[in-house]
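Here is the structure we will look at.
The values are calculated or read from the model by the stated rules, or taken from the named source; none is laboratory data. As the structure is a prediction and not an experimental result, all values here were calculated from the model. Virtual Cβ from ideal backbone geometry, glycine too; neighbours counted across all protein chains shown.
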Amino acid sequence: MKKTNLDRRHFLRGTGTLIALPALESVGFRRFASAAETAPATPPKRMIFLGIGYGVTSETWFPDINDKGMGYQLPEGLKPLARHKKDFTIVQGCKHKFSRQAHWGSTYWLTGANQYGTPGQTFSNTISADQVAAAQFGKHTRYTSIQLGTAANDKNGHGPGSSLAWDQRGKPLSAWNSPLETYFKLFAADDLPIAQRRAMLAEERSVLDSVMIEAKDMQRGLTKGDTDKLDEYFQSIRDIEIRLSKSEKWMDVPKSEAPLAAPEEALAGRSEIEMMYKLMVAAIQTDNTRVITYREPGSRLLSSIGASGNPHNISHYRAGSETEVSSKMRDKTHGELLAGLIDQLKATKEADGSSLFDHVALAFGSNIRSIHYLNNPPTLISGGGANLKLGQNLVLKEGTPLNNVWLTMLQGVGVNVDRHGDSTGVVKELQA
């Protein structure tokens, strides 16, 4: 067959439409700014954080601290991940120095903030590691970041917050709480005509303008405390304006074609997590976002695998008891599901022939180790996107800030940041 060279831009104009082409392997991600540009573009970096609430079974999940390095023996709790042993690292010895709440596995996991860090308040938080990345990566995608969660009545072990994510003011970010909701947010076409959606945005902006005018009129004669509250309110208004601007920017861009079928509505527990993992891969494969967090279910997972007890009781397992059996069942299930996610990331190819796994930095864990212990929280790092030394049991000095790990990952994926929270530097032993 005769090979024909086509000017793709001319072809698209000739159809009378303007269509955004996907990144096609056959054209090597070429851009059309210059005919001389033929080198493939580098696939973007992504970050995924998976939070599991009450932690793990300490005695069977963590490798022996004396069995360090690359040749360590996989413990029982990590054996479902055996086929990926060279592709993840267990980091031991870390801690958030301000951690006090033994039932809050996710609230401060990605921030390390001091709960009493704001004078006069009993609760305070700071920006989470994912949102540090989102501030840089989110400029290029429909969704600055995606927060995933589960049913509102299944927050066992997670603590305050709507997701793992907290904004620059330490305020919680909302989550999509089911696979079906996530699927429709990502791939369902907007039913309303563009003109009507533009009118709705204009109306929202009009309301914001009116509120800002009234709020500014209130500034005179306020106490410092009230002024601080009003400043926080102004920031909230600015955040809404940013969201509206982004919605307007993407309004004319059709949503991605779904690479998978819509999920069933009644998924819960294991099947729910499995589908959320598939949707994560779909979201970053289609470049809808480059930053994802997932606050995973607890009670629903236990019910779905036939484990007895509730997440809190199981976290207080006793050796040889039924609660320990259930705790190990939970660990095994998490390991199987995570192994499946890594399988998907490896199997999904980028346009340059590399895999999605090669460009993702992934963290799995909790701020709680087990029972009420907050030292040495479970920390598993995977993915080739941050240029980290994988395949090892890395035992750090006891009390090393967990934020040092997050800082290492952030810098590894190219985020321009010198520190995160109470970090004291990167973990050099984790860097490849």
Gly384, sole failed condition from (1) out of contact with any strand residue (DSSP E or B) (no Cβ under 6 Å at 6 or more places or on another chain); (2) over 14 Å from Arg46 (Cβ atoms); (3) buried (at least 17 other Cβ atoms within 10 Å of the Cβ): (2)
Of the candidates Leu338, Leu301, the one satisfying the condition of being under 25 Å from Gln131 (Cα atoms) and buried (at least 19 other Cβ atoms within 10 Å of the Cβ) is Leu338
Could you tell me whether any residue of the range 410-419 is of a type outside the set (Lys, Arg) and under 30 Å from His316 (Cα atoms)? no
Go through the range 163-181 and give me each residue that's under 17 Å from Ile48 (Cβ atoms) and of a type in the set (Gly, Ala, Ser). Ser163, Ala165, Ala175
Positions within the range 50-79 being part of a loop (DSSP other than H, G, I, E, B) and exposed (fewer than 14 other Cβ atoms within 10 Å of the Cβ), in sequence order: Asp64, Ile65, Asn66, Asp67, Met70, Gly71, Gln73
Might you let me know whether the range 351-362 holds any residue that is crowded, with 21+ Cβ neighbours inside 10 Å, under 14 Å from Ala129 (Cβ atoms) and either assigned by TED's automatic domain parsing to the domain that holds Ile284 or touching a residue at least 12 places away in the same chain (Cβ under 8 Å) (or both)? yes
Selection count, the range 163-183, where residues are touching a residue at least 40 places away in the same chain (Cβ under 8 Å), over 19 Å from Trp104 (Cα atoms) and not charged (D, E, K, R): 6
In the range 251-294, which residues are acidic (Asp, Glu) and crowded, with 16+ Cβ neighbours inside 10 Å? Glu272, Glu274, Asp287
Within the range 326-347, is even one residue farther than 21 Å from Glu76 by Cα, hydrophobic (A, V, I, L, M, F, W, C) and part of a strand (DSSP E or B)? no
Count, please, the residues in the range 261-271 that happen to be out of contact with any helix residue (DSSP H, G or I) (no Cβ under 6 Å at 6 or more places or on another chain) and either under 30 Å from Ala202 (Cα atoms) or touching a residue at least 40 places away in the same chain (Cβ under 8 Å) (or both). 1
Restrict the check to the range 146-158 and report whether at least one residue is hydrophobic (A, V, I, L, M, F, W, C), over 18 Å from Val417 (Cα atoms) and not in a loop (DSSP other than H, G, I, E, B). yes
Cβ pairs under 6 Å, 6+ apart or interchain, first in the range 151-162 and more than 15 Å from Gly55 (Cα to Cα) and surrounded by fewer than 19 Cβ atoms within 10 Å (Cβ to Cβ), second β-branched (Val, Ile, Thr) and at pLDDT 95 or above, ordered by first then second residue, are Pro160/Thr107
Looking at the range 153-176 only, could you name the residues that are of a type in the set (Lys, Arg) and closer than 19 Å to Ser370 by Cβ? Lys155
When the residues of the range 416-432 are filtered to those that are touching a residue at least 40 places away in the same chain (Cβ under 8 Å) and surrounded by fewer than 21 Cβ atoms within 10 Å (Cβ to Cβ), which remaining residue is farthest from Lys97 (Cα to Cα)? Ala432
Which members of the range 367-381 meet the condition of being part of a loop (DSSP other than H, G, I, E, B), surrounded by fewer than 24 Cβ atoms within 10 Å (Cβ to Cβ) and modelled with pLDDT of 95 or more? Leu374, Asn375, Asn376, Pro377
